[in-house]
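Everything on this sheet refers to the single structure shown next.
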Amino acid sequence: MRKMLLAALSRVLQGPAATAAAAGRTASRVMVASRNYTDFANEATFEIKKCDLHRLEEGPSTTAVLTREEGLHYYKTMQTIRRMELKSDQLYKQKIIRGFCHLYDGQEACCVGLEVAIKPTDHVITAYRVHGFAYARGVPVRTILAELTGRKGGCAKGKGGSMHMYTKNFYGGNGIVGAQVPLGAGIALACKYFGKNEVCLTLYGDGAANQGQIFETYNMAALWKLPCVFICENNRYGMGTSVERAAASTDYYKRGDFIPGLRVDGMDVLSVREATKFATEYCRAGKGPILMELQTYRYHGHSMSDPGISYRTREEIQEVRSKSDPITLLKDRMINNNLASIEELKEIDVGSSTDISACCPQAAPQAPLGLVAHLGAL
Amino acid sequence: SAIVTVRDALNQALDEELERDERVFLLGEEVAQYDGAYKISRGLWKKYGDKRIIDTPISEMGFTGIAVGAAMAGLRPVCEFMTFNFSMQAIDQVINSAAKTCYMSAGSISVPIVFRGPNGASAGVAAQHSQCFAAWYAHCPGLKVVSPWSSEDAKGLLKASIRDDNPVVMLENELLYGVPFEMSEEAQSKDFVVPIGKAKIERQGTQVTLVSHSRPVGHCLEAAAVLAKEGVECEVINLRTIRPMDIEAIEASVVKTNHLVTVEGGWPQFGVGAEVCARIMEGPAFNYLDAPAVRVTGADVPMPYAKILEDNCIPQVKDIIFAVKKTLNI
């Protein structure tokens, strides 16, 4: 009875790919929400893990407020990245994507948590595991997949590929391990020079963390008080080498020595968000650089050439999937705290899959690139 | 006109460009409070301060990457290498970050940076401090590479390089810093720029074309003066830019003289002279050659220390004269 009274047609907002994909949608996709939207809570407060601190008296808040709107946005963004990466896996196996392809599934909470804590006018640079960041920074799925498949409409016009994707205030997409770190500090130098209170998030992995140029960069960033947030995405393996076999100290958040650091649960989008807010506030206050280690995990191997099971067990992968998946974690929080319904989230799941499939070469064959026009010209 | 040393010409160029555009800044080892290891940036820190003239720690890979990142984010850095030998520590940032990014990003990210410093042989600094990097950098698409000889070259090319939106490698020469050259009124003006990609004919001639860059241009002119007394008129071309090379100027000259000698300080294998010869062979000027082109280069050894050894490892005037006579069969 109550259900009938509260039944209402609701179209869940789908996002940028909507208009293109809408044509392919049938009437059966219009979901009937089983509850009126006013039934949901507007927000909920969650306990988040306390961060380990290095040279800091206090760290980020141990509670985070999540509004329904934020939750749906984070969920949709992470799910889109997840599905896009899984689709890329398929396309690679079909040999439609070639060369190097480093997938981000498992690490979604990192790029999404970072993005929602900063402004569009802030800057981000990372290494080669870049698809998630490109999407989070505003590159549409369609142009990411077109780039990966070497077709017209690719975000780098076929010149870049998987590892070299860029957009405004997002500097790639860098293939040489560690080289992006000095670049990021240079972007931070420009932020300080121009005086517009912007910061640069400079990301690198646990493997890159042992690069000498990173220590040179720590030194100069601290000397010159650059507004640079160094972020180590520690997914426990540098290609096939576990952190224990690569680093004399695996406390990556302490490796900046004189630079204060914090270690963050990278599987929890709220932890990443709160830590990033804390870190960027620190930089914007003119205190100099700060270092965040995000503890995260990648489900795929290092790249598509790596099955990812010769140096770690299937059990380990499965354990992370079942206990720490970032999307599941958010989903459970939202359901259990009345921020969303199961159906609503399912609608988002299906919607993002459909949208991504619609961007694939088979579904929407983009024209192949013209050779003469593109080879030498930009 | 006035007599200006290459050092002062470079200093003027930096001063003028710093004044003209506040996005321009200079960083490198000892560039600020020491006034520059070779005094090229004398007085600039005093005038512009810490924000624009930045002393770096001895961290080439790090500070070069920082300079490239700053360029990506909208600044216009001049990154000084105390000598280009040290640029090898940072060469990944020059090539993979600076040179390739504009192309990889399909033009959306530009890198308006200048890498400059002394290149090639000096005097008695031995093997690790004497290498010429012209061929190394000119090999790479995405970079422009310039190599001044005179004060006019130095000032005009540095200004052009700073104003260029591409990464430019400017290969100076330590032994030229103290050499005075005449500079015209025009060359002394704040808007004087030497276009990148255009060679200059330093001396007109009819019998043989001498193509060179940097310090050896002076040796070519000396050799030409000696040869003129013997009735051989040499045309001396100062490349000024290594990449993109002004091959048309060389071709036009070879069509006229029918003989070609290239002169460079770098090692012989895979060098600038090799590139000139290959391109001449591939182009219309080949049919006008009356003899094979000849290269005069540095010796194919790491640079030794003792003066007598070092002197015989770089092209001397007598080597150029010998090559010309061999080509002309006289």
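Which one is nearest to A:Ala208 (Cα to Cα), of the residues in the stretch A:142-160 that are of a type in the set (D, E, K, R) and more than 9 Å from chain B (Cβ to nearest Cβ)?
Taking the stretch A:142-160 as the starting set, the residues that turn out to be of a type in the set (D, E, K, R) are A:142, A:147, A:151-152, A:157, A:159.
If we keep only those that are more than 9 Å from chain B (Cβ to nearest Cβ) too, we end up with A:142, A:147, A:151-152.
Details: A:Arg142: 30, A:Glu147: 26, A:Arg151: 31, A:Lys152: 33 Å.
Top of the filtered list is A:Glu147.
Among the residues of the stretch A:40-61, just one is among the aliphatic types (A, V, I, L, M) and either free of Cβ contacts under 8 Å to residues at least 12 places away in the same chain or buried (at least 19 other Cβ atoms within 10 Å of the Cβ) (or both), namely A:Ile48. Exactly one condition in (1) more than 18 Å from B:Glu185 (Cα to Cα); (2) among the small types (Gly, Ala, Ser); (3) surrounded by fewer than 23 Cβ atoms within 10 Å (Cβ to Cβ) is not met by B:Gly36; state its number. With respect to (1) more than 18 Å from B:Glu185 (Cα to Cα); (2) among the small types (Gly, Ala, Ser); (3) surrounded by fewer than 23 Cβ atoms within 10 Å (Cβ to Cβ), B:Gly36 is out only on (3). Going by the structure shown, is A:Gly186 within 30 Å of B:Arg52 (Cα to Cα) and facing chain B (nearest Cβ under 9 Å)? Criteria met by A:Gly186. For the stretch B:221-257, the set of residues classified as within 22 Å of B:Asn329 (Cα to Cα) and among the basic types (Lys, Arg) consists of B:Lys229, B:Lys256, listed by residue number.
So is B:Ala90 facing chain A (nearest Cβ under 10 Å) and under 19 Å from B:Leu171 (Cβ atoms) or not? Spelling it out, B:Ala90 is indeed facing chain A (nearest Cβ under 10 Å) and under 19 Å from B:Leu171 (Cβ atoms).
Would you check which residues across the stretch B:74-84 are surrounded by fewer than 24 Cβ atoms within 10 Å (Cβ to Cβ) and either at pLDDT below 95 or touching a strand residue (DSSP E or B) at 6+ places or on another chain (Cβ under 9 Å) (or both) and list them?
Within the stretch B:74-84, the subset surrounded by fewer than 24 Cβ atoms within 10 Å (Cβ to Cβ) is B:74-76, B:82-83.
Within the stretch B:74-84, B:Leu75, B:Arg76, B:Met82, B:Thr83 meet the criteria.
When B:Ala71 is tested against (1) buried (at least 19 other Cβ atoms within 10 Å of the Cβ); (2) more than 10 Å from chain A (Cβ to nearest Cβ); (3) touching a residue at least 60 places away in the same chain (Cβ under 8 Å), just one condition goes unmet, and that condition is (2).
Residue count for the stretch A:62-72 under the criterion of being surrounded by 14 or more Cβ atoms within 10 Å (Cβ to Cβ) and over 13 Å from A:Ile327 (Cβ atoms): the result is 4. When B:Met82 is tested against the conditions (1) within 22 Å of B:His129 (Cα to Cα); (2) within 7 Å of chain A (Cβ to nearest Cβ), the lone failure is (2).
Which of the residues spanning the stretch B:223-246 are surrounded by 17 or more Cβ atoms within 10 Å (Cβ to Cβ) and farther than 18 Å from B:Thr327 by Cβ? Before you say what the answer is, go through the steps one by one.
Filtering the stretch B:223-246 down to residues surrounded by 17 or more Cβ atoms within 10 Å (Cβ to Cβ) leaves B:223-224, B:227, B:232, B:234-243, B:245-246.
If the condition is that a residue be surrounded by 17 or more Cβ atoms within 10 Å (Cβ to Cβ) and farther than 18 Å from B:Thr327 by Cβ, then B:Asn238, B:Leu239, B:Arg240, B:Thr241, B:Ile242, B:Arg243, B:Met245, B:Asp246 are the ones that fit.
Taking the condition hydroxyl-bearing (Ser, Thr, Tyr) and touching a Lys or Arg at 6+ places or on another chain (Cβ under 7 Å), does A:Thr62 pass? Before the answer, list the steps.
Working: hydroxyl-bearing (Ser, Thr, Tyr): yes; touching a Lys or Arg at 6+ places or on another chain (Cβ under 7 Å): yes.
Taking the combined requirement at face value, the residue satisfies it.
Selection within the stretch A:89-133: residues that are among the small types (Gly, Ala, Ser) and touching a helix residue (DSSP H, G or I) at 6+ places or on another chain (Cβ under 6 Å). The member of this set that is surrounded by the fewest Cβ atoms within 10 Å (Cβ to Cβ) is A:Ala117. For the structure I just gave you, tell me whether A:Arg151 is crowded, with 22+ Cβ neighbours inside 10 Å, of a type in the set (D, E, K, R) and out of contact with any helix residue (DSSP H, G or I) (no Cβ under 6 Å at 6 or more places or on another chain). So A:Arg151 does not fit the description; no.
Per the conditions (1) among the aromatic types (Phe, Trp, Tyr); (2) surrounded by 24 or more Cβ atoms within 10 Å (Cβ to Cβ); (3) at the interface with chain B (Cβ under 8 Å from one of its Cβ atoms), the sole criterion not satisfied by A:Phe194 is (2). Among the criteria (1) over 15 Å from the mean Cα position of the chain (by Cα); (2) touching a residue at least 12 places away in the same chain (Cβ under 8 Å), the one A:Glu281 does not fulfil is (2).
Residue by residue through the stretch A:210-240, note down the ones that are among the aliphatic types (A, V, I, L, M), closer than 27 Å to A:Tyr104 by Cα and crowded, with 24+ Cβ neighbours inside 10 Å.
Taking the stretch A:210-240 first, the residues among the aliphatic types (A, V, I, L, M) are A:214, A:220-223, A:226, A:229, A:231, A:239.
From what's left, closer than 27 Å to A:Tyr104 by Cα: A:214, A:229, A:231, A:239.
Those that are among the aliphatic types (A, V, I, L, M), closer than 27 Å to A:Tyr104 by Cα and crowded, with 24+ Cβ neighbours inside 10 Å: A:Ile214, A:Val229, A:Ile231.
The residue list A:Ile144, A:Ile118 contains one member that is in contact with a Ser or Thr (Cβ under 7 Å, 6 or more places away or on another chain), modelled with pLDDT of 95 or more and closer than 22 Å to A:Val272 by Cβ, which is A:Ile118. Can you confirm whether the stretch A:251-268 contains a residue that is under 19 Å from B:Met61 (Cβ atoms), more than 9 Å from chain B (Cβ to nearest Cβ) and surrounded by 24 or more Cβ atoms within 10 Å (Cβ to Cβ)? The answer is yes; a qualifying residue exists. Look at (1) touching a helix residue (DSSP H, G or I) at 6+ places or on another chain (Cβ under 9 Å); (2) in a loop (DSSP other than H, G, I, E, B) and you find that B:Asn11 fails only one, number (2). Would the stretch B:116-133 turn up any residue that is within 13 Å of chain A (Cβ to nearest Cβ) and touching a residue at least 24 places away in the same chain (Cβ under 8 Å)? Among the residues of the stretch B:116-133, not one is within 13 Å of chain A (Cβ to nearest Cβ) and touching a residue at least 24 places away in the same chain (Cβ under 8 Å), which makes the answer no. All of B:Arg20, B:Arg76, B:Arg52 fail the test of being of a type in the set (Lys, Arg) and away from chain A (no Cβ under 13 Å), apart from B:Arg20.
Answer yes if at least one residue in the stretch A:161-176 is more than 10 Å from chain B (Cβ to nearest Cβ) and either among the acidic types (Asp, Glu) or touching a Leu at 6+ places or on another chain (Cβ under 9 Å) (or both), and no otherwise.
At the first step, the residues of the stretch A:161-176 found to be more than 10 Å from chain B (Cβ to nearest Cβ) are A:162.
Applying the additional criterion that residues be either among the acidic types (Asp, Glu) or touching a Leu at 6+ places or on another chain (Cβ under 9 Å) (or both) yields A:162.
The answer is yes, given that some residue of the stretch A:161-176 is more than 10 Å from chain B (Cβ to nearest Cβ) and either among the acidic types (Asp, Glu) or touching a Leu at 6+ places or on another chain (Cβ under 9 Å) (or both).
Within the stretch B:213-222, one or more residues are β-branched (Val, Ile, Thr) and farther than 23 Å from B:Gly142 by Cα.
The values are calculated or read from the model by the stated rules, or taken from the named source; none is laboratory data. What you are looking at is a predicted structure, and each value in this text was computed from that prediction instead of being measured. As a convention, Cβ positions derive from the backbone with ideal geometry for all residues, glycine included, and neighbour counts pool all protein chains shown.
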